[in-house]
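Below is one structure, written out as structure tokens; the observations come after it.
The values are calculated or read from the model by the stated rules, or taken from the named source; none is laboratory data. Because the structure is a prediction, the values reported are computed rather than measured. Cβ placement follows ideal geometry from the backbone for every residue including glycine, while neighbour counts extend to all protein chains displayed. In case anyone asks, the SASA skips ligands and DNA or RNA and just uses the protein heavy atoms, side chains included. Shrake-Rupley method; radii C 1.70, N 1.55, O 1.52, S 1.80 Å.
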Amino acid sequence: MRNSIEFEVYGDYALFTDPLTKMGGEKLSYQIPTYQALKGIVESIYWKPTLLIVIDSVRIMKPIRMESKGIRPIDYGGGNTLANYTYLKDVKYQVKAHFIFNPHRTELAYDRNEHKHHNIMKRALKAGGRRDIFLGTRECQAYVEPCAFGKGEGFYDTYDGDIHFGTMVHGINYPDETGRNEMEVRLWNPVMKDGVIKFIRPDQCIQVRKIKNMEPKSFNPENLQSADELLEHLE
């Protein structure tokens with residue numbers, strides 16, 4: 001596909017938590033990355049409001065292992081605080097994703113050049129991303145590189161049976177992605193088969209809860225560099 005990428009992302013630690021519990025206290029990582037965390041990684045490789053990133057699948061390459069650490073988080077009320085964070089340890093994932101043009105950003109129709117966006121995205125991936133890559137939180141630095149999805153040996157390739165992870169966060173709906181002036185959270189029930197989790201699209205999630213009202217940010221040629229200009233600058 002001319003609008004798709006496949007890549008490997010890996011790091012020493014990962015912390016994929018429910019975003020509604022990020023403000024403090026003990027933290028426990030999900031066993032697998034959320035759709036939203038992988039979308040954030042793709043957007044760190046290359047992001048434009050013209051595009052909507054769609055995560056298709058993730059392949060778990062290494063065994064799911066966890067490690068707890070004592071952390072001193074920022075205490076907004078002052079004082080000295082100690083909390084336990086439980087991270088995923090030594091992780092590696094293969095990810096398949098693609099982009100579509102955001103139907104709610106009609107003002108950016110001038111920037112809808114699929115070929116140029118795809119070329120920039122592939123260049124950015126080879127360079128390790130246009131921004132720093134993190135696995136869930138900023139303290140979990142990660143690295144990306146192109147790969148062929150499904151190639152190589154994964155720890156769960158021959159696992160007998162499906163693995164169910166219960167109800168977990170799929171991702172966050174933002175106003176410019178839904179056309180509604182609300183921030184919402186999506187939930188779903190992922191299942192891993194032969195080491196691969198196939199994601200449903202955000203609009204296929206039936207468990208959606210409103211968080212708060214929110215207005216979309218506006219973009220125009222004055223505050224957004226088009227794909228034409230960016231590719232010309234890179235060349």
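Selection of segment 173-188 for residues being in a loop (DSSP other than H, G, I, E, B) and touching a residue at least 60 places away in the same chain (Cβ under 8 Å) yields only Gly179. Scanning segment 189-211 for residues that are open to solvent by less than 80 Å² (accessible area, probe 1.4 Å), over 15 Å from Gln31 (Cβ atoms) and part of a loop (DSSP other than H, G, I, E, B) returns Asp194, Phe199, Ile200, Cys205.
Quick check: is even one residue across segment 66-86 crowded, with 16+ Cβ neighbours inside 10 Å and within 21 Å of Val144 (Cβ to Cβ)? Spell out the reasoning first.
Quick first cut of segment 66-86, residues crowded, with 16+ Cβ neighbours inside 10 Å only: 85.
From the residues that got through so far, the ones that are within 21 Å of Val144 (Cβ to Cβ) too are none.
No, every residue in segment 66-86 fails to be crowded, with 16+ Cβ neighbours inside 10 Å and within 21 Å of Val144 (Cβ to Cβ).
Here Phe99 passes the criteria (1) in contact with a Leu (Cβ under 8 Å, 6 or more places away or on another chain); (2) over 27 Å from Asp194 (Cα atoms); (3) of a type in the set (Phe, Trp, Tyr) except the one numbered (2).
Within segment 122-159, the set of residues being part of a strand (DSSP E or B) and of a type in the set (Val, Ile, Thr) comprises Ile133, Val144.
For segment 44-55, filtering for residues that are closer than 22 Å to Tyr87 by Cβ and surrounded by fewer than 20 Cβ atoms within 10 Å (Cβ to Cβ) leaves 1. Out of Asp111, Asp157, one residue alone is free of Cβ contacts under 8 Å to residues at least 40 places away in the same chain and among the acidic types (Asp, Glu). It is Asp157.
Scoring Thr137 on the criteria (1) in contact (Cβ under 8 Å) with a residue 60 or more places away in the chain; (2) touching a helix residue (DSSP H, G or I) at 6+ places or on another chain (Cβ under 9 Å); (3) surrounded by 12 or more Cβ atoms within 10 Å (Cβ to Cβ) leaves a single failure, condition (2). Please go through segment 112-134 and give me each residue that is under 16 Å from the mean Cα position of the chain (by Cα) and open to solvent by 40 Å² or more (accessible area, probe 1.4 Å), ordered by number. The answer is Arg130, Arg131, Asp132, Phe134. Selection over segment 89-111 of residues that are within 27 Å of Val58 (Cα to Cα) and either polar (S, T, N, Q) or surrounded by fewer than 16 Cβ atoms within 10 Å (Cβ to Cβ) (or both) gives a count of 5. Restricting attention to segment 26-38 and to residues that are of a type in the set (A, V, I, L, M, F, W, C) and modelled with pLDDT of 95 or more, the residue that is most open to solvent (accessible area, probe 1.4 Å) turns out to be Ala37. Residues considered: Ile64, Ile41. Of these, the only one that is modelled with pLDDT of 95 or more and assigned to a loop (DSSP other than H, G, I, E, B) is Ile64. Checking each residue of segment 193-206 against the condition of being on the phi > 0 side of the Ramachandran plot and touching a residue at least 24 places away in the same chain (Cβ under 8 Å) gives at least one match.
Selection of segment 67-77 for residues being farther than 20 Å from Phe134 by Cβ and part of a strand (DSSP E or B) yields only Gly70.
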